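> Please find one structure pasted underneath; my questions will follow.
The values are calculated or read from the model by the stated rules, or taken from the named source; none is laboratory data. What you see is a predicted model; the values in this text were computed from it and never measured. Reconstructed Cβ throughout: ideal geometry from the backbone, glycine too, with neighbour counts over all protein chains shown. The protein model used for the area step is the full one, side chains on, heavy atoms only, and it has no ligands, DNA or RNA in it. Shrake-Rupley method; radii C 1.70, N 1.55, O 1.52, S 1.80 Å.
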Amino acid sequence: MRLPYAPSSPPTEPSDANTTEIYARIAARRRPRPLIPLDLTLLHSPPVADGWNSFLGAIRTQTVIDQGLLELAVSRVAVITDAVYEWNAHAPLALKGGIKAEELHAIRTVLSTAAGDVDKAAAIAELEESVLTSRQRAIVRYADEMTVSVKVRDETFAQLQREGFSDREIVELTTGIACYNCVSRVLVALDVGENNAREMKSVEELVEGLK
């Protein structure tokens, strides 16, 4: 971590009652787990930490989109942005949400169709021939374009609609991908959790860890 972590307990001074309430709201969302390194990073600025907690809480607990598909998208963002912390935290949640090990492995390995330094035709062919379902492939292309080029092609967006995602699900998928792009950039820029020099866990390790 490039900064010291904020204290894990709120201040005791009466003048800091608002900060104490912010700590309590974040702790309530994390319960029964303790505050995590990302929380203790953001709590250097309690108002930012509070807004972050509200936004992330809505994405994680108040959305209707299939949680496995959402975590698949988050895991793809982690791969594209090389956010080790994010992959190690969210890839297991994708497995818990029903994503198969071989599908998660594809998320980790298929080339990005939005990258500027790859043969796009070959990348598209690799994605289309992968074990991913058509809905998962649509999400990967959407996540890749949002993350790499920012601009999303009309065909990519139309594919989500053809796959039957509702307007609400598309908004939730879009904000989820955007949100975790934000998360990954904070994690990597500040080396939260001291993960930047580490390797992402293999799918085999993740599966074993869930047993």
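> What size of dipole, in debye to the nearest 20, comes out for segment 1-51 about its Cα centre when the only charges are +1 on Lys and Arg C-beta atoms and -1 on Asp and Glu C-beta atoms?
Its charge dipole is roughly 340 debye.
> Accessible area per residue, 1.4 Å probe, Å², for segment 89-211: what's the number?
Here the per-residue accessible area is 51 Å².
> Which one of Tyr85, Ser54, Ala123 is farthest out on the positive end of the charge dipole of segment 20-124, using unit charges on Cβ (Lys, Arg +1; Asp, Glu -1) and the Cα centre as origin?
With unit charges placed on the Cβ atoms, the residue in question is Ser54.
> Just want the answer: with Cβ charges of +1 for Lys and Arg and -1 for Asp and Glu, which residue in Ile22, Val186, Leu111 is farthest toward the dipole's positive end in the chain?
Ile22
> What is the calculated FRET efficiency for Ala101 to Ser45, with r their C-beta to C-beta distance and R₀ = 41 Å, to the nearest 0.05? Working shown, then result.
On the way: r = 39 Å, r/R0 = 0.94.
Rounded to the nearest 0.05, the efficiency is 0.60.
> Moving on. With a 10 Å radius around each residue's Cβ, average the other Cβ atoms per peptide and rank 140-147, 59-66, highest first.
Result, highest mean first: 140-147, 59-66.
> While we're looking at this one, here's another question. Please name which of Leu69, Ala101, Ser8 has its Cα lying farthest along the dipole of segment 1-156 towards the positive end, using unit charges on Cβ (Lys, Arg +1; Asp, Glu -1) and the Cα centre as origin.
Among Leu69, Ala101, Ser8, the one farthest towards the positive end of the dipole of segment 1-156 is Ser8.
> Further, regarding this structure: About its Cα centre, how strong a charge dipole does the chain have in debye, to the nearest 20, once Lys and Arg get +1 and Asp and Glu get -1 at the Cβ?
In total the dipole reaches around 420 debye.
> Give the calculated FRET efficiency between Asp119 and Val171 to the nearest 0.05, with a Förster radius of 25 Å applied to their Cβ-Cβ distance.
Once the sixth-power term is evaluated, E becomes 0.15.
> Let me ask something else. Rg and Dmax of the chain over Cα atoms: what are they, in angstrom?
For the chain, the Cα-based Rg and Dmax read 18.1, 62 Å.
> For the chain, what % of the accessible area comes from carbon and sulfur atoms, probe 1.4 Å?
56
> Here's another thing I want to ask about it. Between Glu13 and Phe55, what is the FRET efficiency for a Förster distance of 41 Å, r being their Cβ-Cβ separation, to the nearest 0.05? Don't skip to the end; give the middle numbers.
Values: r = 28 Å, r/R0 = 0.68.
The value I calculate is 0.90.
> Sorting check: for 116-124, 18-26, which peptide has the highest mean count of neighbouring beta carbons within 10 Å, and how do the rest follow?
On the way: 116-124: 11.7, 18-26: 16.8.
Peptide ranking by packing, descending: 18-26, 116-124.
> Can you tell me the dipole magnitude for segment 41-104 around its Cα centre, using point charges on the Cβ only (Lys, Arg +1; Asp, Glu -1), in Debye to the nearest 20?
100
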